[in-house]
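Nothing in this text is a laboratory measurement; each read-out follows from the coordinates by a stated rule. Quick caveat, the model's predicted, so the values are computed rather than measured. Reconstructed Cβ throughout: ideal geometry from the backbone, glycine too, with neighbour counts over all protein chains shown.
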């Protein structure tokens, strides 16, 4: 199974409002530009929740699902970068 999504700055701001995590690393490109990554980073829990939702939507959610979830590879950007995950070697 594979999934891909582009997280926009608007997505990150909406999640910040929902979660209460207003760290400028996630929501302010000017502040984030001065960090080691150089750009906004999606909230880790946001990416994980999206990955789990995608897995369930593709019929891959089982009671032992955690054994299949090995990693979510994500690029760190609030611009036009995508977050991807797959089953097998990647999950």
Note to self: What distance in nm separates the two pseudo spin-label positions at residue 11 and residue 30, each 7 Å out from Cα along the beta-carbon direction?
What the structure shows: 2.5 nm
Next item on the list: Could you check the simple spin-label distance between residue 18 and residue 56, using points 7 Å along Cα→Cβ, in nm with one decimal?
Entry: 1.2 nm
Checklist line | Label-to-label distance, nm, for residues given as residue 37 and residue 49 (7 Å Cα→Cβ offset) | finding: 1.7 nm
